[in-house]
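We did not get these values from a lab; they are worked out from the coordinates using the rules stated. Just so we're clear, the structure is a prediction, and the values are computed from it rather than from any experiment. Positions of Cβ are backbone-derived with ideal geometry, glycine not excepted, and every protein chain shown enters the neighbour counts.
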Amino acid sequence: MSLLAQTTSVLVLDTMVLNHFALADRLDVLRDLLLDADCWTTQVVMEELRTGSPVHPQITAACDTGWLSIAQLDTLDEIRCFTKWAMRLGSGERDLGEASVLAAAELRGGVAITDDRNATQVARSYEARVHGAIWLLAGACREGKQTETAAGNLIEALRGAGARLPCTGAEFPAFARRHGLL
């Protein structure tokens, strides 16, 4: 079992992460990087992805991965947790996916994976376990699943697909080291 899987056996992926990996045609790479983890998303995220698929048909690939479990968030405890996160985020239509991911991660003792900066800040203020794509890529580098150069190339592909990441591919090694990720 990899170090990433040992320390974070449950990962719950947000719309932004899945969307950008799909748009960059790199869902297969994401799957391979997370092979040892128990990967989830939520029904809310699936709905958000389907909403975007008429404009960007390649997003439908994120809805049909087969390697992601889908949290429905339909029991009373799940609905309460989702509502709590929606209130914390001040959720309008745009933040429901993030609220659902944070709820699913909390309920499963996992880590929410989102590149939404506001959601990350709010989650951390409530001591939730939350990280983004850069954290995933740095973990893959630490585990030898990917080189720093390959991670940098993937970052450039994600940025080319519209992802707003805190560093470029060329900046990745220095950024990751400065933040204790490598």
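I need Ser125, Ser53 ordered by Cβ neighbour count within 10 Å, fewest first.
Working: Ser125 9, Ser53 17.
With the fewest neighbours first, Ser125, Ser53 line up as Ser125, Ser53.
Can you pull out the chymotrypsin sites (Phe, Trp or Tyr not before Pro) in segment 74-141 that DSSP calls coil and that have at most 13 other Cβ atoms within 10 Å? Intermediate results must be reported in sequence, preceding the final value.
On the way: sites: Phe82, Trp85, Tyr126, Trp135; in loops: Tyr126.
Here the sparse-neighbourhood loop sites are Tyr126.
Take Thr83, Thr65, Thr75, Thr42 and order them by how many other Cβ atoms sit within 10 Å, fewest up front.
On the way: Thr83 14, Thr65 17, Thr75 10, Thr42 30.
The most exposed by this proxy come first: Thr75, Thr83, Thr65, Thr42.
Just to confirm the number: angle between the C-alpha axis of helix 133-142 and the first principal axis of the chain, 0 to 90 degrees, nearest 10?
50
Let me have the 222 nm mean residue ellipticity of the chain computed from DSSP H runs of 4+ only, each contributing -39500 (n - 2.57), with the sum over all residues rounded to the nearest 500. All intermediate terms of the calculation are to be shown ahead of the outcome.
Details: 11 runs with 101 residues, N = 182.
Estimated from H runs of four or more residues: -16000 deg cm²/dmol.
Would you please give the FRET efficiency between Glu171 and Arg94, computed as 1/(1 + (r/R0)^6) with r the Cβ-Cβ distance and R0 = 35 Å, to the nearest 0.05?
Numbers: r = 28 Å, r/R0 = 0.79.
E(calc), rounded to 0.05, equals 0.80.
Counting other C-beta atoms within 10 Å, which of His131, His56, His20 has the fewest, and how do the rest follow? Please report the intermediate quantities before stating the final value.
Working: His131 20, His56 14, His20 24.
Lowest to highest Cβ neighbour count: His56, His131, His20.
Can you check what the net charge comes to around Gln146, using other residues whose Cβ is under 15 Å from the Cβ of Gln146 (Lys, Arg +1; Asp, Glu -1)? Please list the in-between numbers first.
On the way: positive: Arg26, Arg31, Arg142, Lys145; negative: Asp28, Asp32, Asp36, Glu143, Glu148, Glu156.
Result for the local shell: -2.
Starting from the Cα gyration tensor of segment 10-111, multiply each eigenvalue by 5, take the square root, and state the resulting semi-axes largest first in whole Å.
Working: eigenvalues 99, 54, 21 Å².
Equivalent ellipsoid semi-axes, largest first: 22, 16, 10 Å.
Please state the relative contact order of segment 1-117 as a whole percent: Cα pairs under 8 Å, 6+ residues apart?
On the way: 172 pairs, mean separation 43.2, N = 117.
Across segment 1-117, relative contact order equals 37 percent.
Could you run the Karplus curve 6.51 cos²θ - 1.76 cosθ + 1.60 with θ = phi - 60° over segment 50-65 and give me ³J(HN,Hα) per residue in whole Hz, x for Gly and Pro?
Once θ is set to phi - 60°, the couplings for segment 50-65 become 5, 4, x, 5, x, 7, 10, x, 5, 5, 4, 4, 6, 7, 10, 5 Hz.
What's the center-to-center distance, using Cα atoms, between segment 1-80 and segment 126-149 in Å?
16
Could you derive backbone 3J(HN,Hα) for segment 22-27 from the dihedral phi with the Karplus parameters 6.51, -1.76 and 1.60 (θ = phi - 60°), listing whole Hz in sequence and x where the residue is Gly or Pro?
Karplus-based 3J(HN,Hα) across segment 22-27 equals 5, 4, 7, 6, 10, 4 Hz.
Can you tell which of Asp25, Asp74, Asp95 shows the greatest fluctuation in a Gaussian network model of the chain with Cα springs below 10 Å?
Result for the chain, Cα springs under 10 Å: Asp74 fluctuates most.
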